[in-house]
Amino acid sequence: MKKPVLTIVVPCYNEEEVFLETAKQLTAVLEDLLDEHLIAAESKILFVDDGSRDRTWSLIEKESETNPFVTGLKLSRNFGHQKALLAGLETAKNYSDCVISIDADLQDDVSVIREFVVKYWEGFDIVYGVRRSRKTDTFFKRATAQGFYRFMRKMGIHLVYNHADFRLMSKRALEELSRYSEANVFLRGIVPLLGFRSTEVLYDRKGRFAGESKYPLKKMLAFAFDGMTSFSVAPIRFITFIGFLSFLLSSAAGIYALIVKLLGHAESGWTSLMISIWFIGGLLLMSIGLIGEYIGKIYQEVKRRPRFTIEENLYSRQMEHELSLPSFHEKERVKS
Ligand code: UDP
Ligand code: MG
């Protein structure tokens, strides 16, 4: 097999505190892989700046001038983790045989990248990084994350347990991924749908190297809700079920009220009336809200807006330049 061109995609949002260390560690990983002849020389680290408001982009640009592995992509504003990742994957797939995605904060063990590549050599198209333990996460983060997986499974969405967006994908898996053109991207849900030969690699998840989480509770809840409503109509079915149940209950109550009336002692009723008005009212509002959520999703999908906008693309420029150099191909031929 020909040595694959590997691109490591790293979404960054206000990551000036960790950027240099991340670049250093990932560069070391690529150098080792090159020494072992596991990857091709054009392999790169693609930092995707997701509209950071700090110095992240200027750090990326500066690093790319001195470090031949480092390159960058700048989005025109903050699009969110999933879309930043998608922008990186879509860009990287044009010039790479396989792509690994990893967070900028060094929580995922970079030494596992070698195992990913080995699995790729063994013929796997998708390799999931799966956390062995969550010891360093706060109790809160751990509990909410575990609740999230359990809940999603109940909803009929099959996610790889304890896998975040640390994974390797082959070119053909990425080609397939780009045919999923939905606006509401939830990569962890989509990637298992692609099929292909896949496997898992276990690793220990560490604490953030520096800086703070860009996923506060509010964003996490939004993420879970989005994931749920983009993949499953189970919540709507649940609403229908509750509606049916309350219909049955209220018919029974209606029959009871009628009998009481016919027997001639119908003075009670205020309490039960109030309770049922509030109950049904709440139920209706909840149902309408939920259905509205799906209609909102449909609205977003039918608009077919671009999912992200790239402002600057150092990567394509660099790759086209490198591939056009005759000396580069010479060097490759001599090596192989
Ligand atoms: N991130 C991003 N855009 C955002 C939020 C986060 O690109 O709007 C990146 C962030 O820089 C990091 C990754 O997504 O590389 C994961 O974010 P974070 O580590 O804050 O999330 P956590 O690990 O706490 O879930
Ligand atoms: Mg993190």
Response to the item:
At 25 °C and 0.890 mPa s, the Stokes-Einstein diffusion coefficient in µm²/s for region 99-141, with hydrodynamic radius from the Kirkwood sum on alpha carbon pairs, is 204
Discussion item. Report the gain in length on full extension from Leu221 to Asn67: 0.36 nm times residue separation, minus Cα-Cα distance, nm rounded to one decimal.
Written reply: 51.6 nm
Worksheet item: Taking a spot 7 Å from the Cα of Arg197 along the direction of its beta carbon, which residues of region 93-126 have an amide N less than 12 Å from it?
Response: 119-126
Practice prompt. Kindly express, to the nearest 10 degrees and within the range 0 to 90, the angle between helix 314-324's C-alpha long axis and the longest C-alpha principal axis of the chain.
Written response: 40
Worksheet, complete the sentence: Residue-ordered couplings for region 100-114, obtained by feeding phi - 60° into the Karplus form 6.51 cos²θ - 1.76 cosθ + 1.60 and rounding to whole Hz (Gly and Pro as x), are 10, 10, 8, 6, 6, 8, 6, 6, 8, 6, 5, 6, 6, 4, 4
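Which pairs break 26 Å Cα to Cα here: Lys154/Lys297; Lys93/Lys297; Lys83/Lys303? Display every interim value, and only then the final one.
On the way: Lys154/Lys297 21 Å; Lys93/Lys297 28 Å; Lys83/Lys303 17 Å.
Over 26 Å Cα-Cα: Lys93/Lys297.
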Worksheet entry | Distance between region 122-169 and region 1-76 - C-alpha centres, whole angstrom | 24
Worksheet, complete the sentence: Under the 7 Å Cα-to-Cβ spin-label approximation, Thr144 and Val233 lie apart by a distance in nanometres of 3.1
Discussion item. Could you work out how much longer the chain between Ala257 and Arg172 gets when fully extended? Use 0.36 nm per residue separation minus the Cα distance between them, nm to one decimal.
Written reply: 24.1 nm
Worksheet, complete the sentence: In degrees, nearest 10, the alpha-carbon axis of helix 326-335 is tilted away from the dominant principal axis of the alpha carbons of the chain by 90
Practice prompt. Name the most mobile residue of Ile291, Ile60, Ile113, meaning the one with the largest mean-square fluctuation, in a Gaussian network model of the chain with Cα contacts below 10 Å.
Written response: Ile291
Worksheet item: What part of the accessible area of region 7-93, given as a whole %, is carbon or sulfur when the probe is 1.4 angstrom?
Response: 46
Practice prompt. Specify the residue with the greatest mean-square fluctuation among Phe140, Phe116, Phe209, computed from a Gaussian network of the chain linking alpha-carbon atoms under 10 Å apart.
Written response: Phe140
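Report the far tail of the P(r) of region 82-164, meaning the percent of Cα-Cα pairs longer than 22 Å. Let's see the in-between values first.
On the way: 1304 of 3403 pairs.
More than 22 Å apart: 38 percent of the Cα pairs in region 82-164.
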Worksheet entry | Simple Cβ-charge dipole of region 271-322, Lys/Arg +1 and Asp/Glu -1, about Cα centre, in debye nearest 20 | 300
Worksheet item: Which of the trypsin sites (Lys or Arg not before Pro) across region 283-325 are loop residues per DSSP, with 10 or fewer other Cβ within 10 Å?
Response: Arg304
Discussion item. On the principal axes of its Cα set, how long, how wide and how thick is the chain? Give whole Å, largest value first.
Written reply: 102, 41, 40
Discussion item. With the crude spin-label approximation of a point 7 Å out along Cα→Cβ, what separation in nm comes out for Arg77 versus Ser133?
Written reply: 4.4
Worksheet, complete the sentence: Projecting the Cα atoms of Ile239, Ser52, Gly80 onto the charge dipole of the chain, where Lys and Arg contribute +1 and Asp and Glu -1 at Cβ, the residue farthest towards the positive end is Ile239
Worksheet entry | Solvent exposure ordering (accessible area, 1.4 Å, most first) of Phe238, Phe19 | Phe238, Phe19
Discussion item. Full-extension gain between Ile280 and Leu34, please, as 0.36 nm times their residue separation minus the C-alpha to C-alpha distance.
Written reply: 82.0 nm
Practice prompt. Mind checking which of Val201, Ser101, Ile280 is farthest towards the positive end of the chain's charge dipole, using Cβ charges of +1 (Lys, Arg) and -1 (Asp, Glu) about the Cα centre?
Written response: Ile280
Fill in: Projected area, mean over directions - region 39-100, Cα convex hull, nm²
4.4
Worksheet entry | Most to least packed among 257-264, 165-172 [average Cβ atoms within 10 Å] | 165-172, 257-264
Worksheet, complete the sentence: Placing each pseudo-label 7 Å from Cα in the direction of the beta carbon, Leu20 and Ser316 end up separated by a distance in nanometres of 3.2
Item to complete: Could you list the square roots of 5 times each eigenvalue of the Cα gyration tensor of region 234-303, that is, the equivalent ellipsoid semi-axes, sorted largest first and rounded to whole Å?
Response: 36, 12, 7
Item to complete: Measure off, as a whole percent, the carbon and sulfur share of the 1.4 Å-probe accessible area of region 234-303, all protein chains present.
Response: 80
Worksheet entry | Rounded accessible area per residue of the chain, 1.4 Å, Å² | 53
Fill in: Global form of region 1-111, assessed from the alpha-carbon gyration tensor, a/c cut-off 1.5
prolate
Response to the item:
Taking a ≥ b ≥ c as the square roots of the eigenvalues of the Cα gyration tensor, with a/c under 1.5 meaning rounded and otherwise prolate when a/b exceeds b/c and oblate if not, region 179-292 is prolate
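The values are calculated or read from the model by the stated rules, or taken from the named source; none is laboratory data. Everything quoted here is computed from the prediction, not taken from an experiment. Reconstructed Cβ throughout: ideal geometry from the backbone, glycine too, with neighbour counts over all protein chains shown. Note: accessible area is taken over every heavy atom of the protein model, side chains too, but ligands, DNA and RNA are not part of it. Shrake-Rupley method; radii C 1.70, N 1.55, O 1.52, S 1.80 Å.
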